[in-house]
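All remarks here apply to the structure that follows.
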Amino acid sequence: RHQGPGLEFARYGRQIGRRLSLKRTSGAWGYTIAPVSSVRYFEFPFVLGCLSEIPDECLDVSSPRLFTYYVAEHGLVRHVDLINPDPSDASLSAKIGRALDIQNVAVQERSVDSLAERPEKYDCIWAISVLEHIAGQYDDSAAIKFMFDALKNNGRLILTVPVDKTYWEEFREGSDPYGTKP
């Protein structure tokens, strides 16, 4: 009854949770119970509003997969390459896409630095709350350059990052939560 930002994504997430449950696919439970984490209620509508008319070739750089599957199934993009360096997350994204029979999303296990070596050019690239997780041989500034250089002329680069009133740093010694460190 009450409208708030991003509720269409929660409805869509619950819908795909039901669809995945019927096919006994991993990930169904999470989409059914909590399809959207709290800040995504604001980020998803923002990114959606930044999309150009209907972009042909898009790139999702490790964003929460719900957004990409939403725009793909609703005909708001023609094709999306979804890249993710985390093998288990990329595998789950591909499995969910197949279970939902979403044909216009191609999941690839690769990191953002791979864009420097590939000739593809995209009409639109988005990275939703991803930059703060990039570490290693290159930093978030280098990642932005890789993405910007992969855009077609007049392409759009859409980035979101978490913000707080005061700066703080979170460090997990010896941690590799995404399984991407060599």
Fill in: Residue list for the range 115-143, restricted to those being in contact with a strand residue (DSSP E or B) (Cβ under 7 Å, 6 or more places away or on another chain) and either without any contact (Cβ under 8 Å) to a residue 40 or more places away in the chain or open to solvent by less than 50 Å² (accessible area, probe 1.4 Å) (or both)
Tyr122, Asp123, Cys124, Ile125, Trp126, Ala127, Ile128, Ser129, Val130, Leu131
Discussion item. I'd like the residue in the range 79-109 that is modelled with pLDDT under 95 and charged (D, E, K, R) and, out of all such residues, is nearest to Leu66 (Cα to Cα).
Written reply: Asp89
Discussion item. Out of Asp60, Asp81, Asp86, I need the residue that is among the acidic types (Asp, Glu), open to solvent by 10 Å² or more (accessible area, probe 1.4 Å), under 25 Å from Asp113 (Cα atoms) and under 11 Å from the mean Cα position of the chain (by Cα). Which one?
Written reply: Asp81
Worksheet item: From the list Glu43, Glu73, which residue is modelled with pLDDT of 95 or more, farther than 16 Å from Tyr122 by Cβ and of a type in the set (D, E, K, R)?
Response: Glu73
Worksheet item: Out of all the residues in the range 39-60, is one or more among the polar types (S, T, N, Q), touching an Asp or Glu at 6+ places or on another chain (Cβ under 9 Å) and either more than 28 Å from Gly4 (Cβ to Cβ) or not in a strand (DSSP E or B) (or both)?
Response: yes
Worksheet item: Can you find even one residue in the range 19-34 that is open to solvent by 50 Å² or more (accessible area, probe 1.4 Å), part of a loop (DSSP other than H, G, I, E, B) and among the charged types (D, E, K, R)?
Response: yes
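The values are calculated or read from the model by the stated rules, or taken from the named source; none is laboratory data. Everything numeric here is computed off the predicted structure, so don't read it as measured data. All Cβ positions, even for glycine, are placed from backbone atoms using ideal geometry, and neighbour counts span all protein chains on display. Note: accessible area is taken over every heavy atom of the protein model, side chains too, but ligands, DNA and RNA are not part of it. Shrake-Rupley method; radii C 1.70, N 1.55, O 1.52, S 1.80 Å.
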